[in-house]
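Read the structure below first, then the notes.
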Amino acid sequence: MAALEEAILSARAVFVVGAGRSGLVGCCFAMRLAHLGLRGHVVGETVTPRVEPGDVVVALSGSGETPTTCAVEEAAAQAGAKVIAITGAADSPLARAAHAKVVIPTSTLVRRSSGEGGKADGVSSAQYGGSLFEQALLVMLDTIALRLQSRLAQTSAEMDARHANLE
């Protein structure tokens with residue numbers, strides 16, 4: 001997590017990518033980066049700029065095998081960006097290809113026939129699919145945002161001034 005914080009603070013821009021619910025959590029994180037006055041973007045949005053050297057891509061996938069997330073990781077690395085994977089599977093394609101990784105050892109797979117929760121890296125959950133990963137991911141990324149707020153000496157009033165006013 002410390003490496004992720006350092007990468008974000010030294011990045012020209014931060015791009016967040018994930019599919020499904022992991023992607024939704026990623027949108028929350030990109031919003032917090034914007035509230036902090038950092039350049040945070042969500043991959044796939046029509047207004048997302050080009051990734052370049054000096055940028056960081058934060059790739060989110062519980063399984064570490066999501067095809068679209070892995071493809072973005074590869075393209076970002078080819079463009080010279082630093083890729084940090086956050087996954088539930090330490091030995092996944094996403095984790096192996098990233099410059100750095102954060103592993104959240106939670107369930108991400110589903111055993112549909114038994115109705116039991118999934119299992120990844122030895123951790124199981126009664127929750128469906130990747131719910132436990134996504135919940136832990138949200139808490140972890142919000143914690144990073146809070147730590148960044150402290151390191152950047154940002155007040156709540158300063159962050160409020162960057163909050164959307166077209167809601």
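Among the residues making up the stretch 21-35, those that are among the aliphatic types (A, V, I, L, M) and surrounded by fewer than 19 Cβ atoms within 10 Å (Cβ to Cβ) are L24, M31, A34.
State which residue is nearest to H41 (Cα to Cα) when the search covers only the stretch 1-20 and only residues that are over 11 Å from the mean Cα position of the chain (by Cα) and crowded, with 17+ Cβ neighbours inside 10 Å. Going through the qualifying residues, I end up with A13. May I ask you to verify whether V58 is crowded, with 24+ Cβ neighbours inside 10 Å, aliphatic (A, V, I, L, M), in a strand (DSSP E or B) and out of contact with any Gly (no Cβ under 9 Å at 6 or more places or on another chain)? No. Pairing each residue of the stretch 131-157 that is touching a residue at least 40 places away in the same chain (Cβ under 8 Å) with any residue that is part of a helix (DSSP H, G or I) and among the hydroxyl-bearing types (S, T, Y), provided the two are 6+ apart or on different chains, yields C-beta distances under 9 Å for F133/S22; E134/S22; L137/S22; Q149/S156.
The conditions of being closer than 15 Å to E134 by Cβ, at pLDDT 95 or above and in a helix (DSSP H, G or I) are not met by L33.
The values are calculated or read from the model by the stated rules, or taken from the named source; none is laboratory data. The shown structure was predicted, so the numbers you read here are calculated from the model rather than taken from an experiment. Note that each Cβ is placed from the backbone with ideal geometry, even for glycine, and that neighbours are counted across all protein chains shown.
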